[in-house]
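The values are calculated or read from the model by the stated rules, or taken from the named source; none is laboratory data. Note that the structure is predicted; figures quoted are calculated from it, not measured. Glycine gets a Cβ as well: all are built from the backbone with ideal geometry, and neighbour counts include every protein chain shown.
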Ligand SMILES: [Fe+2]
């Protein structure tokens, strides 16, 4: 069994200008980013690259409509795609490194030939998706009201670049939802049947950095994250390395219909279902990987293994309040359709569940959170 695949070369720079200099960013590059990131950090560098601002094509998480509109506006031909942004920007850029991109719904339905014809450089500006080291792009397919992932090796970056400076302007709510996503990547990774000692190494290190960082924030306030941004950025990357190999499971599977229909930010949608799913896992099996994870969490949270999810819930509530599903607009009818979506459409993810969850179990988890 393969133990670990790590494709992009990893770089870290203290400052954006150091990255721009070493990578010789300029003519022949297409930079996909947001203006609120580009202007303060790169605007004064006069790079000479073409720049596409994602937010001009719609708010929120990436959709097929957004991708098609952006791709339609590209005029030149480029040797490199450089994405500087959150998960949305990075996921879109992965598609743009391919030769055939639109209509993107056909790409996701595997009706277009997948050929990579440009170099890809991914620079994350949030600390959650780990997208810089994964080969997955997630799009909302507007007409189907759900999210779908496309995962092909042609979408691995050539270079992943970590620049903690870029996180300094990230507002706390975005920091919270993205870092919780990273924590969930790491936790789900440890429970996947495809987890290995090598993925565990990265996953546990990510959990350690995020939980200890959250404890510092819970104690000293939101500003306590600032000196820890490099740790959070690396933790997100570690978690990305882990789940890129092991996959993520039920938490992501059950959050996709919620995110797709009610546009709940990805990390927040995951958080809404996270601990209840782990409690259900425990009710089915207390042995093996989940026992190791709980022991690890207990040491970090300084509590007994039987109370880790309660203590983790207390800690996470200080970072991001947990809301019942109905507060996002979810209805009793949705629970039936969400359950059907998970059982029928999310098999790519549910194959990575710690233990199988049947439709009754999935519905019960949603109902308890309703
Ligand atoms: Fe995620």
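Structure notes:
- Number of residues in region 175-204 that are part of a helix (DSSP H, G or I) and over 19 Å from residue 315 (Cβ atoms) equals 8.
- Condition check for residue 362: within 24 Å of the chain's Cα centre (by Cα), modelled with pLDDT of 95 or more and not in a helix (DSSP H, G or I): no
- Residue match in region 192-203 (condition: touching a residue at least 24 places away in the same chain (Cβ under 8 Å), in contact with a helix residue (DSSP H, G or I) (Cβ under 9 Å, 6 or more places away or on another chain) and within 14 Å of the ligand (Cβ to nearest atom)): yes
- Restricting region 265-292 to residues that are free of Cβ contacts under 8 Å to residues at least 60 places away in the same chain and within 16 Å of the ligand (Cβ to nearest atom), the residue that is farthest from residue 196 (Cα to Cα): 269
- Any hit, region 142-164, residues being modelled with pLDDT of 95 or more, outside any helix (DSSP H, G or I), surrounded by 19 or more Cβ atoms within 10 Å (Cβ to Cβ) and within 15 Å of the ligand (Cβ to nearest atom): no
- All of 62, 8 fail the test of being within 26 Å of residue 108 (Cβ to Cβ) and modelled with pLDDT under 95, apart from 62.
- Taken over region 26-58, the criterion of being surrounded by 17 or more Cβ atoms within 10 Å (Cβ to Cβ) and either at pLDDT below 95 or assigned to a loop (DSSP other than H, G, I, E, B) (or both) is satisfied by 34, 47, 49.
- Residue match in region 82-100 (condition: surrounded by fewer than 18 Cβ atoms within 10 Å (Cβ to Cβ), more than 16 Å from the ligand (Cβ to nearest atom), modelled with pLDDT of 95 or more and part of a strand (DSSP E or B)): no
- Qualifying residue in region 234-249 (condition: within 16 Å of the ligand (Cβ to nearest atom), surrounded by fewer than 24 Cβ atoms within 10 Å (Cβ to Cβ) and in a helix (DSSP H, G or I)): yes
- The residue that is nearest to the ligand (Cβ to nearest atom), among those in region 113-128 that are surrounded by 17 or more Cβ atoms within 10 Å (Cβ to Cβ) and either over 14 Å from the mean Cα position of the chain (by Cα) or over 23 Å from residue 78 (Cβ atoms) (or both), is 128.
- Any chance residue 253 is within 16 Å of the ligand (Cβ to nearest atom), in a helix (DSSP H, G or I), at pLDDT 95 or above and farther than 14 Å from residue 188 by Cα: no
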